[in-house]
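Notes follow once the structure below has been shown.
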Amino acid sequence: MKTNTNASLVTIQNIMRRIIENYFGILGKKTDDSIVDSFLLLEEKRVCRSLISWINDGSHSIPDDLNIDSYTDSVERYKKIFKEVFEKTGHKAHYDMMMS
């Protein structure tokens, strides 16, 4: 997930979804709403909700090549928001450790 060179869009979405579900949901007992509420500004909350919708869409639907561009800048934007989820919830050290 550090680089997008060999990963498909669906793979990236599934990895992010599984991390959020396992780390925050199962281990941390946090809901999607509590993660979104970690962000202070309404715009930040909307962007975080967009990330959650995006990762769930990637894992619960079958994309077709007509509507999906696997390597748009959206992947990089969502990776940035994914990192911010860890920062806003007080788990930046875990993110940094897992990404090193």
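Quick notes on this structure:
- Residue-span extension gain [H94 to R18] - 0.36 nm each, minus C-alpha spacing: 25.8 nm
- Rough spin-label spacing in nm, given labels placed 7 Å along Cα→Cβ, for S50 and T11: 2.6
- Shown is the FRET efficiency for D37 and K79, computed with R0 = 22 Å from the Cβ-Cβ distance and rounded to the nearest 0.05: 0.55.
Each value in this text was obtained by applying a stated rule to the coordinates, not by laboratory testing. Just so you know, these numbers come straight off a predicted model, no measurement behind them. Every residue, glycine among them, receives a Cβ derived from its backbone with ideal geometry; neighbour counts consider all protein chains shown.
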